[in-house]
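Chemist: Please see the structure below; I have some questions.
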Amino acid sequence: MTKIVIAEFMDEAAVDDLRRDFDVVYDANLVDEPARLALELSDATALIVRNRTRVNATLLDAAPNLKAIGRLGVGLDNIDLD
């Protein structure tokens, strides 16, 4: 099953909707635990963040199967697009 990691706060009803179709790891504190976040991403297909998670080359290297990054909010300043 496709694994989605949610690293920051997200509405519980929205998380529950995702859980119907996906394997979801949701912990609003993952943003503060970079080693654990990297571990969870090792087999994840998607990552959902808000504005605090720094999606940089180091984090992306830990996520070889990542196909999508979702950003709740406006802007991409916390996501390394290169």
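Chemist: Would you compute, from DSSP H runs of 4+ residues alone, the mean residue ellipticity of the chain at 222 nm, taking -39500 (n - 2.57) per run and dividing by the full residue count, rounded to the nearest 500?
Modeler: -6500 deg cm²/dmol
Chemist: Moving to a separate point now. Asp11 to Ala35: FRET efficiency via 1/(1 + (r/R0)^6), r the Cβ-Cβ distance, R0 22 Å, to the nearest 0.05?
Modeler: 0.25
Chemist: Keeping every protein chain present and rolling a 1.4 Å probe, give me the accessible area per residue for the chain in Å².
Modeler: 60 Å²
Chemist: Also, I was wondering about something else. For the pair Thr2/Val74, report the inter-label distance in nm, with labels modelled 7 Å from Cα in the Cβ direction.
Modeler: In this crude spin-label approximation the distance works out to 2.8 nm.
Chemist: Can you give the convex hull volume of the alpha carbon atoms of the chain per residue, in Å³?
Modeler: Convex hull volume per residue, Cα atoms: 81 Å³.
Chemist: Could you tell me the relative contact order of the chain? Use alpha-carbon pairs under 8 Å, at least six residues apart, and round to a whole percent.
Modeler: Averaging sequence separation for qualifying contacts and normalising by length gives 31 percent for the chain.
Chemist: Work out how much length Phe22 to Arg52 would gain on full extension: take 0.36 nm times their residue separation and subtract the Cα-Cα distance, in nm to one decimal.
Modeler: Full extension of this stretch gives 8.4 nm more.
The values are calculated or read from the model by the stated rules, or taken from the named source; none is laboratory data. Predicted, not measured: the structure shown is a model, and the values here were computed from it. Counting neighbours? That spans all protein chains shown, and the Cβs are built from the backbone with ideal geometry, glycine included. To get the accessible areas, we keep the full protein, side chains included, count just its heavy atoms, and leave off ligands, DNA and RNA. Shrake-Rupley method; radii C 1.70, N 1.55, O 1.52, S 1.80 Å.
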